[in-house]
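Student: I have a structure here, written as structure tokens, and I will follow up with some questions on it.
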Ligand SMILES: Cc1cc2nc3c(=O)[nH]c(=O)nc-3n(C[C@H](O)[C@H](O)[C@H](O)COP(=O)(O)O)c2cc1C
Ligand code: SF4
Ligand code: FES
């Protein structure tokens, strides 16, 4: 992807910001992902150079953590909670509803590019399970109807 | 004149519509306070009255006009009014030490915090000095609230006694267990309490820097803590001269990246160092060689937040709560299929039945109760026949269960325990750090074995798989480096033992 090169000045300014801070790789990766939407491949040599580490080490860290993406996500990111509390309140039925409506496995992006789907294990909303997070905002006490309404809203803003 | 209105601002209240209610109230609600933890009533609006605050909830934006109208006349006439909030038995019977300010103060108001006892612990710690402070923590009997329940005072003394050019305080705010949210509530609602606890820890053990490692699923907690740190620093509670002690201590917030294993303290330290979150072999313990190889005091949010009160009121005050070796109070968290989900802070020693039935009101679905998983995804499923067990670390260990971080996930009879057992192993496989084989490979094999068990056509086929499954659980339990692989067998074994029918087994088959 040649246009990733255009993001390098931004990557370098973010690296500059963390200079001198101990063990800053996670904050750096979070910053890059927040600004660019994912961790571009072209950023990896820059990060490795700035931290005096190998590219393999940086890639190893990126792949270890569920949060980091190496490709652009869809317009919306939906994370359905699949942990025990939400399961005890019907999370698996909601997961089936999502698979059906989006024609997706539990992991992936819908064909129209509107929604990236991912599981998450607990959002701290367990007193009001089931819950999901849509674009960083938690929605709890979900029902099939509320899930449908959230999906409709995601697809309409194309 | 319109009385003052109070509406919580934490992420879960907002997840069930508090923002929409706030918009509908616009200029009316005076303050967004921290939540009381009465989540089944959220969004919960509180209104001043001569007798005390009256509550309305759970509200939707559509209810706001009628509530405002009721406030002009007789508020108690509104169908969603439930009287004086503090008279609610759910709240009134609690023993709130840690969450004493919940619902009352504004999260980012230093004035509110100070007006309700804030910084009294730090003031006393500065006055009595490090040796006496460490002794108070030791004498209080406080045990780690992150799961392992190790005596806090021993760690404090160890770090304090270890000479090093640099020492650290690390707050474990990874709160990965399903069914838990007390750390989140505390960080979003009473951030200065955690900061005060860490500052006391810092000046006591001689650490000059601290990190709060917050899971990325809690962005609101991260934002609140960062603002609170700035305010505390500006007021002199952090920095070169903490609370007039002449000692330096400062800290920052770091954000996790969606890895459950980073809640394990040594994996967390590796993550803070910018590495993959892989568990370290112990020894050396973090108290001697922790972050960047230096002495580090690692504690859960609730452990650190208990310290200011212990200092302010003295060790004996704290010891007067609880039973046996489980002293003080624990904020239990009621979750899952429960009618009254929320936070219940009580001294150790009440029974699981009191918690689930008296506070929780039974299942939300109204169907029969099947079991409760206590202590997160590595905790056993406890059947109702054992619900009279007191909530005490040793009593729970005695029935093969654990209290962990105090989360209780309730299930009704429709939940399939074979699927939950399968999930426990699948979760372990997904979240394993990969360091040891029983956990990394065993968990994946375990999922396959459960699938074969459920698909087996006859009794001999099932018997064969049960034997393999139990064998595998033993290997994981005894051959894993940390509790992820070591305890994932607990929910599996308890599901098999108490709910054999869910696996298509007769009781006798599961028992052999
Ligand atoms: C798999 C695993 C996950 C853990 N997750 C957490 C967690 O999310 N929060 C926490 O405070 N402790 C967690 N712990 C416990 C920590 O390793 C450690 O015991 C704790 O941070 C020490 O603090 P305390 O003494 O205040 O309990 C976990 C342990 C294991 C084995
Ligand atoms: S038991 Fe699992 S998570 Fe724990 S150290 Fe071993 S591989 Fe890592
Ligand atoms: S288990 Fe789903 S929010 Fe906690």
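Student: When the range B:75-99 is examined, which residues are found to be part of a loop (DSSP other than H, G, I, E, B) and touching a strand residue (DSSP E or B) at 6+ places or on another chain (Cβ under 9 Å)?
Tutor: Residues satisfying the conditions are B:78, B:80, B:88, B:93, B:94, B:95, B:96, B:97, B:98, B:99.
Student: Continuing with this model, one more query. Could you look through the range B:154-183, keep only residues that are surrounded by fewer than 20 Cβ atoms within 10 Å (Cβ to Cβ) and more than 12 Å from chain A (Cβ to nearest Cβ), and pick out the one that is farthest from ligand 1 (Cβ to nearest atom)?
Tutor: B:165
Student: In the range B:305-353, how many are buried (at least 23 other Cβ atoms within 10 Å of the Cβ), within 14 Å of chain A (Cβ to nearest Cβ) and not in a strand (DSSP E or B)?
Tutor: Residues in the range B:305-353 being buried (at least 23 other Cβ atoms within 10 Å of the Cβ), within 14 Å of chain A (Cβ to nearest Cβ) and not in a strand (DSSP E or B): 3 in total.
Student: For the range B:204-212, check the following and say yes or no: at least one residue is within 11 Å of chain A (Cβ to nearest Cβ) and either buried (at least 24 other Cβ atoms within 10 Å of the Cβ) or under 30 Å from residue A:52 (Cα atoms) (or both).
Tutor: Yes, the range B:204-212 has at least one match.
Student: Now a separate question. Within the range B:233-263, can you find the residues that are under 14 Å from residue A:64 (Cβ atoms) and in a loop (DSSP other than H, G, I, E, B)?
Tutor: Scanning the range B:233-263 gives B:256, B:257, B:258, B:259.
Student: Could you please find all residues in the range A:18-49 being assigned to a helix (DSSP H, G or I), within 14 Å of another protein chain (Cβ to nearest Cβ) and loosely packed, with under 13 Cβ neighbours inside 10 Å?
Tutor: A:34
Student: Let me ask you something else. Would you call residue B:336 within 19 Å of the chain's Cα centre (by Cα), within 16 Å of ligand 3 (Cβ to nearest atom) and more than 21 Å from residue B:158 (Cβ to Cβ)?
Tutor: So residue B:336 fits the description; yes.
Student: Does the range B:476-493 include one or more residues that are away from chain A (no Cβ under 14 Å), surrounded by fewer than 14 Cβ atoms within 10 Å (Cβ to Cβ) and either modelled with pLDDT of 95 or more or away from ligand 1 (no atom under 16 Å from the Cβ) (or both)?
Tutor: yes
Student: If you take the residues of the range B:397-422 that are free of Cβ contacts under 8 Å to residues at least 60 places away in the same chain and either in contact with a helix residue (DSSP H, G or I) (Cβ under 6 Å, 6 or more places away or on another chain) or buried (at least 24 other Cβ atoms within 10 Å of the Cβ) (or both), which of them is farthest from residue B:330 (Cα to Cα)?
Tutor: B:422
Listed here are the residues, each with its yes/no results for (1) part of a loop (DSSP other than H, G, I, E, B); (2) closer than 29 Å to residue B:111 by Cα; (3) in contact (Cβ under 8 Å) with a residue 24 or more places away in the chain.
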position: B:149; (1), (2), (3): yes, no, yes
position: B:156; (1), (2), (3): no, no, yes
position: B:159; (1), (2), (3): no, no, yes
position: B:193; (1), (2), (3): no, yes, yes
position: B:204; (1), (2), (3): no, yes, yes
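Student: Identify the single condition in (1) within 27 Å of residue B:131 (Cα to Cα); (2) touching a helix residue (DSSP H, G or I) at 6+ places or on another chain (Cβ under 9 Å) that residue B:277 does not satisfy, given that it satisfies every other one.
Tutor: (1)
Student: A follow-up question, please. State which residue is modelled with the highest pLDDT when the search covers only the range A:120-141 and only residues that are more than 7 Å from chain B (Cβ to nearest Cβ) and out of contact with any strand residue (DSSP E or B) (no Cβ under 6 Å at 6 or more places or on another chain).
Tutor: This residue is A:130.
Student: Residue B:231: in contact (Cβ under 8 Å) with a residue 12 or more places away in the chain, buried (at least 23 other Cβ atoms within 10 Å of the Cβ) and away from ligand 2 (no atom under 16 Å from the Cβ), yes or no?
Tutor: no
Student: Here's another thing I want to ask about it. I need the full set of residues from the range A:103-133 which are surrounded by 21 or more Cβ atoms within 10 Å (Cβ to Cβ) and over 17 Å from the mean Cα position of the chain (by Cα), in order please.
Tutor: Those that are surrounded by 21 or more Cβ atoms within 10 Å (Cβ to Cβ) and over 17 Å from the mean Cα position of the chain (by Cα): A:124, A:125, A:126, A:127, A:128, A:129, A:130.
The values are calculated or read from the model by the stated rules, or taken from the named source; none is laboratory data. Keep in mind the model is a prediction, meaning the values are calculated, not measured. Note: ideal-geometry Cβ built from the backbone for every residue, glycine included; neighbour counts use all protein chains shown.
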